[in-house]
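Remarks on the structure that follows.
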Amino acid sequence: KTIDMNQALRLCKEAETMPQKQRGKLRDTRLMELACYARNYSPYFKKAYKDIGESFTLSQLPPTNKKQLMKDYEAWVTDPRIRYEDVFSYIESPEGGRELYLESYTAITTSGTTGNPMPMVRDPYHNTIHGALTKTRLLRQTDPDLMTPVKHKIAAAVFLDPHVSSYSSLLRMKQAYPGYESNVLELPINGDIADLVRMLDDFQPDLVTGYPSVMGALANAQRDGRMDISPQAIACSAEVLTEKVYQALHQTFGCPVLNNYCSTEGGEAAMSCPAGKLHVNDDWVIIEPVDEKGNPAREGEWSAGVYVTDLTNYVQPVIRYYMEDKVKIHSRPCSCGITLPVMEILGRTTENLMVGGVEVLGINVEYSLMYVEGVYSLQLVQTGDTEFEI
């Protein structure tokens with residue numbers, strides 16, 4: 001599958017206001033093409049779909065999950081040249097951001113918080129379409145080239161860990177624009193907030209991206225006069241952007257606050273509109289809310305998880321892939337006029353801590369325990385100024 005950026009931009013713009021029934025037919029056609037391709041070229045899907053006829057619906061395709069797919073990684077992918085160990089070597093090599101894997105693909109990896117990181121290979125079709133989604137939907141309220149360091153200064157508050165996709169993506173951005181590396185600033189969020197504030201004040205970014213809890217701490221610093229920046233936009237991801245943090249950012253910085261629901265496996269699944277609501281990019285990424293038994297969740301009720309289908313990745317197909325995200329998808333229209341469905345997420349939220357009068361980023365507690373064997377989730381409760389229960 002090939003597509004140029006102009007065509008991808010046009011398709012993304014057209015689908016935003018398309019009647020849901022018409023967009024559904026388009027989505028069904030894309031699903032049919034992807035599933036048939038996967039059955040023909042992926043040994044895993046050839047076996048999984050052996051009893052699926054030429055005509056089928058989404059619900060007739062058997063769901064899958066990380067454990068099943070990782071059991072035989074080389075059987076999952078559709079290009080037999082791709083090897084699990086080779087992908088990791090590529091990701092961790094200096095060439096990982098400058099050159100294409102097998103002269104054809106990009107690759108990133110999940111964080112591996114469960115001790116089993118999963119590399120995801122992405123083809124040009126995926127990368128072009130998801131790039132167009134970012135330009136037309138995430139950046140709709142601002143300059144569509146705001147994430148291009150040739151024109152703008154970009155600051156990202158991330159963990160400086162090459163296994164974290166947000167940081168590896170940032171490194172690839174810097175390597176993709178030689179001569180403009182100084183327009184990209186990595187803010188190490190496992191340090192002091194005072195250091196982040198000082199670095200941002202010196203840098204004066206056009207775009208600031210990061211965890212909502214970190215952005216909330218920066219809003220406090222701006223409001224208290226400890227920082228004075230004028231970004232064109234604030235972009236949040238990885239945590240749930242609460243209404244409280246959204247309003248604090250919008251009122252403090254006076255710029256669009258962008259929200260993106262994405263995953264290493266499924267790509268950019270939902271993006272915020274001018275009304276602050278998340279809209280599912282369901283023309284390219286299908287989100288199925290399901291209950292504990294894998295049946296469709298009732299509308300208006302929180303799901304136990306979701307099946308994710310990325311209609312753009314033909315080299316490592318993600319079709320009805322289970323994730324434990326809890327969501328609600330609404331059929332009622334949004335005030336912004338966009339017909340893409342609105343989704344709420346009941347995901348990770350992190351509050352910052354006040355210890356001895358100093359604000360400490362709560363996300364660092366989770367990061368500090370991320371690689372501790374046997375720890376898969378945590379809750380921290382502050383019971384006193386310097387007393388905690390984990």
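Here's how it looks for Ala235: its modeled amide H is under 5 Å from those of Val208, Thr209, Gly210, Leu258, which are all 5 or more places away or on a different chain. Over all other residues within a Cβ to Cβ distance under 9 Å of Cys273, the charged ones net out to +3, with Lys and Arg as +1 and Asp and Glu as -1.
Need one word for the stretch 57-98: rounded, prolate or oblate. Basis is the Cα gyration tensor (sqrt eigenvalues a ≥ b ≥ c); a/c below 1.5 gives rounded, then a/b vs b/c decides. Write out the running numbers ahead of the final one.
On the way: a/c = 2.72, a/b = 2.46, b/c = 1.11.
Prolate, because a/c is 1.5 or more and a/b exceeds b/c.
Excluding same-chain neighbours fewer than eight residues apart, the lysines reachable from Lys151 by a Cα-Cα span under 16 Å are Lys135, Lys174. Under 25 Å of direct C-alpha separation, and excluding same-chain neighbours fewer than eight residues apart, Lys328 reaches these lysines: Lys13, Lys21, Lys25, Lys66, Lys244, Lys277, Lys293. Maximal additional length on extending the Val358-Glu292 stretch stands at 19.6 nm, based on 0.36 nm per residue less the C-alpha distance.
Residues in the chain average 48 Å² of solvent-accessible surface per residue, probe 1.4 Å, ligands and nucleic acids excluded. Here the simple spin-label model places points 7 Å from the Cα toward Cβ, and for Lys326 and Glu181 these points are separated by 4.4 nm. Using the rule -39500 (n - 2.57) for each DSSP H run of four or more residues, divided by the residues of the chain, the 222 nm mean residue ellipticity is -9000 deg cm²/dmol.
Just reorder His250, His126 by solvent-accessible area, largest first, 1.4 Å probe, all chains present.
Numbers: His250 80, His126 0 Å².
If we order His250, His126 from most to least accessible, we get His250, His126.
Summarising the label geometry, the points placed 7 Å from Cα in the beta-carbon direction at Glu243 and Glu99 lie 5.3 nm from one another.
Classify the stretch 1-159: rounded, prolate or oblate, from the alpha-carbon gyration tensor (a ≥ b ≥ c, eigenvalue square roots; a/c under 1.5 rounded; otherwise prolate if a/b is larger than b/c)?
Numbers: a/c = 1.98, a/b = 1.10, b/c = 1.81.
Oblate, since a/c reaches 1.5 and b/c is not below a/b.
With each label modelled as a point 7 angstrom along the Cα→C-beta vector, the Glu74-Thr2 pair spans 3.0 nm.
With the cut-off at under 20 Å, measuring from each backbone N in the stretch 73-93 to a point 7 Å along the Cα-to-Cβ line of Ile52 picks out 73-80. Only protein heavy atoms count here; on that basis, with a 1.4 Å probe, Trp302 has an accessible area of about 100 Å².
On full extension of the chain, what length is gained from Lys66 through Asp28, given 0.36 nm per residue of separation minus the C-alpha to C-alpha distance? Spell out each step's value before the answer.
On the way: separation 38, 0.36 × 38 = 13.68 nm, distance 2.42 nm.
Here the answer is 11.3 nm.
Just the protein heavy atoms count here, and of the accessible area of the chain at 1.4 Å, carbon and sulfur take up 49 percent.
The values are calculated or read from the model by the stated rules, or taken from the named source; none is laboratory data. Source: prediction; values computed, not measured. A quick note on method: Cβ atoms are made from the backbone with ideal geometry, for glycine too, and the neighbour counts reach across all protein chains shown. Please note that ligands, DNA and RNA were not included when accessible areas were found on the heavy atoms of the full protein model with its side chains. Shrake-Rupley method; radii C 1.70, N 1.55, O 1.52, S 1.80 Å.
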